[in-house]
Amino acid sequence: MTQAVDVKQEAAAILDRLGVERDAWTGGEMASSSPVTGEEIARLKVTSDTSAAIEAAHAAFLEWRLVPAPRRGELVRLLGEELRAAKADLGRLVSLEAGKITSEGLGEVQEMIDICDFAVGLSRQLYGLTIATERPGHRMMETWHPLGVVGIISAFNFPVAVWSWNAALALVCGNSIVWKPSEKTPLTALASQAILERAIARFGEAPKGLSTLLIGDRAVGEALVDHPKVALVSATGSTRMGREVGPRLAKRFARAILELGGNNGGIVCPSADLDMTLRAVAFGAMGTAGQRCTTLRRLFVHVDVYDQLVPRLKKAYESVSVGNPLETSALVGPLIDKAAFDGMQKALEAARAAGGVVTGGERVREAGKDEAFYVRPALVEMPEQAGPVLEETFAPILYVMRYSDFDEALRLHNAVAAGLSSSIFTLNMQEAERFLAADGSDCGIANVNIGTSGAEIGGAFGGEKETGGGRESGSDAWKAYMRRATNTVNYSKALPLAQGVSFDI
Ligand code: NAD
């Protein structure tokens with residue numbers, strides 16, 4: 001592995017080019033490191049007055065809600081334009097700060113552009129229904145109104161795309177936004193905010209405080225969650241985080257979109273196209289160094305094809321290029337930090353103790369970079385679904401198990417606490433349809449002949465059970481960002497009451 005660039009210098013140059021003030025990322029109390037080398041690359045100031053920022057966002061909401069939705073869409077169109085212009089720089093910064101390989105860093109920015117395009121169209125399609133009423137001379141309809149301040153809490157592994165899913169929809173829906181990014185990836189957040197501010201300057205008539213960034217750790221997140229003027233919090237991160245955030249929001253009857261951990265499974269059936277399955281499994285399980293919420297973590301392989309598929313998979317695990325994500329040859333970049341590495345080793349130990357046979361999983365060291373944590377992805381052949389297989393370990397570990405009965409494979413697939421993404425690999429229509437049916441996969445995302453990860457923005461994204469139940473991005477996910485009002489208008493000269501009730505005075 002070579003170290004071709006000075007990570008700190010390059011991050012600084014990108015932040016300068018994207019118009020982020022140096023003051024925002026130098027001389028502060030919060031250190032930010034790059035997983036590429038493990039070195040500190042910035043020192044940020046923690047937001048001290050979260051309440052003032054949220055009050056300003058609320059004042060901005062009161063104005064923004066009155067701007068016609070298609071006009072609000074124009075701001076998001078400009079954001080999309082600015083993101084197109086900044087794609088190379090922001091994508092590179094994602095790689096420097098989150099350790100994603102180059103094509104995934106760029107892909108993440110493309111996803112931001114895609115959701116902006118989607119939201120621009122949506123700004124002319126915030127449709128309500130007209131509903132048949134039982135009363136003569138009456139009309140009943142529903143209207144969608146802006147909701148309020150939308151708080152966004154994001155995780156390190158999609159440092160900018162998750163924000164854009166929420167921000168683009170929230171803005172066209174007439175809300176203001178307050179973002180608390182992961183403390184592990186604050187620089188990409190500063191850059192995204194600067195890009196949005198450029199779009200706001202070009203737009204010319206957006207209220208001050210429409211979009212705000214709160215820098216800090218979970219204490220800052222808690223302040224956002226607890227503030228009475230935040231109407232909705234969309235929180236992406238671990239199930240542990242959701243368990244804390246969910247009840248706090250419920251206590252004050254605020255809305256929540258919870259996008260939490262996944263323990264995603266796949267079933268490989270006897271008829272599967274094994275060449276395609278191999279590629280889909282490899283990307284799903286090893287891509288982003290196993291640090292996607294949709295990463296494939298459990299694979300059930302039919303006994304008839306196990307010995308054809310699994311040895312080939314093991315070869316792919318042994319040969320995949322692990323290394324500097326800034327170099328195009330690498331397919332697997334670093335883990336985010338030491339804690340992630342320790343968590344992975346602990347899970348592998350537990351797997352061995354439960355009878356698992358491990359291929360890979362060892363640290364890939366680079367001289368002089370003791371604080372960077374590169375690992376060879378691990379494939380673990382397990383005798384059964386037990387121990388660490390039941391939990392999400394946020395690292396590249398794929399547990400592989402044999403099955404012989406389809407119903408049993410489906411039962412085991414669903415027998416974990418999380419319910420985010422799932423896949424079946426089969427050319428048998430009955431199996432494919434069964435997997436997608438009411439008694440099939442219990443996840444929010446169920447795929448046929450593609451992997452568990454790599455969703456497009458057009459569909460609603462999210463999962464069930466301990467994944468939190470929230471939906472973001474496409475389809476009608478926008479409805480969570482608006483207030484629905486049911487309106488009944490009486491244009492008659494009488495006052496008939498519903499259900500035939502009489503009340504004559
Ligand atoms: P994390 O839970 O450690 O942190 C996520 C964010 O929550 C951070 O910004 C953090 O500061 C904040 N936070 C933590 N505790 C909080 C609290 N009590 N109150 C308010 N804010 C709090 O997660 P992470 O390590 O950054 O990300 C990895 C996890 O995120 C994995 O479990 C992964 O599956 C999940 N994830 C889920 C999705 C999804 O859409 N379902 C997407 C990406 C990541």
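None of the figures in this text is laboratory data; all of them are computed from the coordinates on show. Here the structure is a predicted model, which is why all the values come from computation and not from measurement. No Cβ is skipped: glycine too gets one built from the backbone with ideal geometry, and neighbour counts run over all protein chains shown.
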Based on Cβ point charges of +1 for Lys and Arg and -1 for Asp and Glu, what charge dipole magnitude is obtained for the range 293-430 about its Cα centre, in debye rounded to the nearest 20? 180 debye
Treating the beta-carbon of each Lys and Arg as +1 and of each Asp and Glu as -1, no other charges, what is the dipole magnitude of the range 461-505 about its Cα centre, to the nearest 20 debye? 160 debye
Among Asn324, Val310, Ile397, whose Cα projects farthest towards the positive end of the dipole of the range 284-437, with charges put on the beta-carbon of Lys, Arg (+1) and Asp, Glu (-1)? Asn324
Kirkwood Rh over alpha-carbon pairs of the range 348-388, then Stokes-Einstein at 37 °C and 0.692 mPa s: what D in µm² s⁻¹, rounded to an integer? 287 µm²/s
Fewest to most Cβ atoms within 10 Å: Ser238, Ser154 sort as Ser238, Ser154
Debye, to nearest 20: dipole size of the range 400-454, +1 on Lys, Arg Cβ, -1 on Asp, Glu Cβ: 180 debye
Express the Stokes-Einstein translational diffusion coefficient of the range 1-85 in µm² s⁻¹, to the nearest whole number, given a Kirkwood radius over alpha-carbon pairs, 25 °C and a viscosity of 0.890 mPa s. 151 µm²/s
May I ask which of Lys87/Lys208; Lys180/Lys346; Lys314/Lys338; Lys45/Lys180; Lys184/Lys346 have a Cα-Cα span longer than 20 Å here? Lys87/Lys208; Lys180/Lys346; Lys314/Lys338; Lys184/Lys346
Let me have the 222 nm mean residue ellipticity of the chain computed from DSSP H runs of 4+ only, each contributing -39500 (n - 2.57), with the sum over all residues rounded to the nearest 500. -12500 deg cm²/dmol
Could you compute the longest span of the chain free of chymotrypsin sites (Phe, Trp or Tyr not before Pro) located in DSSP loops and having at most 14 other Cβ atoms within 10 Å, not counting the site residues? 254-490
Dividing the mean separation of Cα pairs under 8 Å (6+ apart) by the residue count of the chain yields a relative contact order in percent of 18 percent
Shape call for the range 50-142 from the C-alpha gyration tensor, a ≥ b ≥ c root eigenvalues: rounded (a/c under 1.5), prolate (a/b greater than b/c) or oblate? prolate
For Ala339 and Met276, calculate 0.36 nm times their separation in residues minus their Cα-Cα distance, and state this gained length in nm to one decimal. 19.3 nm
Considering Cα pairs under 8 angstrom that are at least six residues apart, work out the relative contact order of the range 244-319 and quote it in whole percent. 35 percent
For the range 280-429, rounded, prolate or oblate, judged on the Cα gyration tensor with a ≥ b ≥ c (square roots of eigenvalues), a/c < 1.5 rounded, else prolate if a/b > b/c? prolate
Applying the gyration tensor rule to the Cα atoms of the range 412-505 (axes a ≥ b ≥ c; rounded if a/c under 1.5, else prolate if a/b exceeds b/c, else oblate), the class is prolate
Over the range 145-299, what is the relative contact order in whole percent, taking alpha-carbon pairs under 8 Å and six or more residues apart? 23 percent
Radius, Kirkwood style, for the range 141-220 when every pair of distinct Cα atoms is counted (Å): 13.2 Å
